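Report on one structure; see the data block that follows.
A short reminder: the numbers here are calculations on the coordinates, not readings from a lab. All of these numbers come straight from a predicted model, not from anything done at the bench. Virtual Cβ from ideal backbone geometry, glycine too; neighbours counted across all protein chains shown.
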Amino acid sequence: MAAHIMAETACRARPKRRGLSYLFDLLVVLVDRDMKLLYKRSALGVLWTLINPLFQLLVFLFIFRVVVRVDIAHYPSYVFTALLVWQWFQGSLVQAAGAIINSRPLIRQPGFPVSILPQVVVTTGWVHLMLALPILFGFLIFDGVTIGLNALWIPVIQLIQFLLQVSLAYVVAGLNVSFRDTGHLLKVLLQLMFYLTPVFYDAARVPAEYQSLYRLNPMVHIVNAYRSLLIQGEPPDWHALAIVAACALVLLPIGYRLFVRQSHRFVEEL
Amino acid sequence: MSVAIRVNGLGKRFRRYHADRPPTLKEAILRGLRKTVAVESFWALRDVSFEVAYGEMLGIIGHNGAGKSTLLQLIGGVGQPDSGRVDVDGRIGALLDLGAGFSPDLTGRENVFVMAVAAGLTRREAQRRFDRIVAFAELEDSIDNAVRTYSSGMQMRLAFAVAIHTDPEILLVDEFLAVGDLAFQTKCLRRIAELKANGCAIVLISHSPAQINELCDRAIWLRHGEVVMDGPPDVVTGQYAVEMRAESQRRTPNEAPEWISAEASPTSNLNRFGSREAELTRVRLLPGNRIASGDPLEIEIEYRAARPLASPIFSVSITRSEDGQACLDLNTQAMGLSLPTLDGSGTLRLSLGRVDLVGGDYWVNVGVFESAWAYAYDFHWELYALVIEGPAPQGLLLPPCRWWLETADTKQASGEPPVPFDRPMAQLQQREVA
């Protein structure tokens, strides 16, 4: 057994690791740090994360309620839900781009599980979403939406979205080490994707010949799922969500490997 | 002692890419995602092997770019080796770029939690140790201020305090330690000594031979990523100092030295060090390199000085080849002998009346040094093997010996005085068997 282990080469040092409870503690501490930093750097603190979608909401309301008439029931709730969900997605990926590059001291810490960094980014975004959720619910009630029992499925949708975002975050963070313009390119892609996600319009309005292509965007299904649970009070398209989850699970180990390899490379290049 | 760190044939290659790195994704896509080709590569570490036991402190010395930091990183599991392997058994603590991980906008208290958990403690453990960490850093009054208001000394103290309170079983220290004032440095050293006494394996990188001599049990000298020497700190750092000097003065000769001893082949910087202003041209062990325990030994050193050298020091030491343990360390200066100026060639003999060492394999190390030990003229290390034949019990010494039992009865029965202990080993044993 020992001889067998000695035979393999180029194996990295594996210091004794703590279990899951340690990783959870680490996640909590690092998310807590990010939240505190946000509080301390601006007087408005966490409110900032709400201001952005609220302004966007006003713009969309003006355009699609006043200028161009769109006929969707509970349109403000409809857009606001999607904006918060999209904000989590976009924020996670933009932040993830710098996950390796901005954390050199942590990565250089022996035994530090580098793979936790994208999870920290995505979890921080999730905390922001959770903080905004009561406001969203108030908004929905004010808008005359009755929130049904189906809303209890929300955590499942969040879990799928979390998985998807962590998988993508690994890839983005890893790429950004080799190609430092990943962040710029990402912003362009995200903007494109924003319009290809049904944030301020109804996905059903996309012409049938484009639907199969359009539905390749996983965020289409995620956003639709939140809406059907919260606004329509109906179960989501579980079939499509299962495919999104499966794709995320396939991407996860690939992104993970890329991330770990790139983080090693990054600290070596001094 | 069991092994905490085992480094085996470790190699790390760095690649240099084109000057216009880091490349952009745009270019890569335009190029068709072909792999960026490394222009050249070099080995930052090559075939490095050593072990560090629990409770042992290993010093690593070498010039900038010798691969010291790379080695420390690989031991810490940061980065991947290109060959060989590192096995580490235990929780690693590190004193590397102290304070780099702080968030300036957070308070000292908040930073301590982040750093302690990042270093491997759970939140509960960090909570329990918090007061001790702050007390050690002497920052009770300012722990709730933002770290950006701290002086660099305060930051270092806090970072050190955190690192040292994470119960490391293996501690990696880089270029230690300009932490705070002298009193605090002393405290840090004491704490490190405490950890070591509790069985922590420590690897220390330093430029300073003095620091390594003072703190370490063993030292490794790295040059261009390769181990030049692995041995007692004073020997290794001494030779390192020699090279520092030799390099700056470009005195190390390139031509083959005059060498007439047939038994051993010296290789520069492997087992032979020095500026060669004086050369040891021949070293002989008389009557031979295989003697019985308790026999006399004479070491005959022939030298040749290229130019007059005032009051040089000759040194002879015997080390056990198994573990490098020094059994004998003599030099002309310590014995109050002042040699005349060396010029031309000559022979120096050291006669040992008897060598009462246990049986086994030893090395005889011979050197001639500058008058103030500043550097070696020529030093032959682990070059001359000495085999001592005889029983090999525990320990180092084997003087003629005999057990002697005295009771009231025997005292009355025989008025004989005790047998004097001046017989050779073999005879004594025979007599006792008979």
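Could you put B:Arg157, A:Arg265 in order, starting from the residue whose Cβ has the fewest other Cβ atoms within 10 Å? Write down the numbers at each step before the final one.
Details: B:Arg157 24, A:Arg265 16.
In increasing order of surrounding Cβ atoms, one gets A:Arg265, B:Arg157.
Between B:Arg223 and B:Val228, the built amide H atoms are under 5 Å apart, and every one of these is 5 or more places off in sequence or on another chain. Under 5 Å between amide hydrogens, built in the peptide plane, is the criterion, and for B:Leu328 it picks out B:Ile318 among residues at least 5 positions away or on other chains. Scalar couplings 3J(HN,Hα) for segment B:333-348, obtained by applying the Karplus form with A = 6.51, B = -1.76, C = 1.60 to θ = phi - 60°, are 5, 4, 8, x, 9, 10, 7, x, 4, 7, 8, x, 10, x, 9, 10 Hz; x denotes Gly and Pro.
So what is the relative contact order of segment A:20-268, in percent, for Cα pairs below 8 Å that sit 6 or more residues apart? Before the final figure, lay out each step's value.
Working: 250 pairs, mean separation 68.1, N = 249.
The normalised contact order for segment A:20-268 reaches 27 percent.
In this rough spin-label picture, where each label sits 7 Å from Cα along the Cβ direction, the A:Leu190-B:Trp373 distance is 6.3 nm. For the pair A:Leu61 and A:Ile243, a Förster radius of 35 Å applied to the C-beta separation gives a FRET efficiency near 0.60, rounded to the nearest 0.05. About its Cα centre, the dipole of segment B:3-231 is roughly 840 debye, where the only charges are +1 on Lys and Arg Cβ and -1 on Asp and Glu Cβ. Separation of segment B:69-137 and segment B:342-384, taken as the distance between their Cα centroids, equals 45 angstrom. Pairs of Cα atoms nearer than 8 Å and 6+ residues apart set the relative contact order; for segment B:44-102 it is 28 percent.
Counting other beta carbons within 10 Å of each residue's own, what order do A:Tyr256, B:Tyr362 fall into, fewest first?
Details: A:Tyr256 17, B:Tyr362 25.
By the 10 Å Cβ count, ascending: A:Tyr256, B:Tyr362.
Each label was represented as a point 7 Å from its Cα along the Cα-to-Cβ direction; for A:Asn150 and B:Leu405 these points are 9.9 nm apart. Computed from backbone phi with θ = phi - 60° and the Karplus coefficients 6.51, -1.76 and 1.60, the 3J(HN,Hα) list for segment B:88-102 is 10, 10, x, 7, 9, x, 9, 10, 10, 4, 4, x, 5, x, 5 Hz; x is used for glycine and proline. For segment A:81-96, backbone phi angles converted through the Karplus equation (6.51, -1.76, 1.60; θ = phi - 60°) give residue-by-residue couplings of 4, 5, 5, 5, 5, 5, 4, 4, 4, 5, x, 4, 6, 5, 5, 4 Hz, Gly and Pro being listed as x.
FRET efficiency for the pair B:Asp144 and B:Leu182, taken as 1/(1 + (r/R0)^6) with r the Cβ-Cβ distance and R0 = 35 Å, rounds to 0.80. With respect to chain A, whose longest principal axis is taken over its alpha-carbon atoms, helix A:20-41 is tilted by about 60°.
What dipole magnitude, in Debye to the nearest 20, does chain A give about its Cα centre under +1 on Lys/Arg Cβ and -1 on Asp/Glu Cβ? Don't skip to the answer; put the middle values down first.
Numbers: 21 positive and 13 negative charges, 190 e Å.
With Lys and Arg at +1 and Asp and Glu at -1, about 920 debye.
With the simple spin-label model, which puts each label point 7 Å out from Cα in the Cβ direction, the A:Arg69 to A:Arg265 separation comes to 5.6 nm. With equal scatterers on the alpha carbons only and no solvent term, can you work out the Debye log10 of I(q)/I(0) for chain A at 0.15, 0.16 1/Å? For the requested q values the scattering log ratios are -1.19, -1.32. The Kirkwood hydrodynamic radius of segment B:3-231, based on inverse pair distances between different Cα atoms, is 19.2 Å.
Rounded to the nearest 20 debye, the dipole magnitude of segment B:51-128 is 280 debye, with +1 charges on Lys and Arg beta carbons, -1 on Asp and Glu beta carbons, and the Cα centre as origin. Applying 0.36 nm per residue to the separation of B:Asp167 and B:Met335 and subtracting their alpha-carbon distance, the gain on full extension is 55.9 nm.
Against chain A, whose longest principal axis is taken from its Cα atoms, helix A:218-227 shows a tilt of about 50°.
Alpha carbon centre of segment A:46-121 versus segment A:128-150: separation in Å? Each part's Cα centre sits 17 Å from the other's. Taking other Cβ atoms within 10 Å as a rough exposure proxy, B:Lys68, A:Lys40 sort from fewest to most as A:Lys40, B:Lys68.
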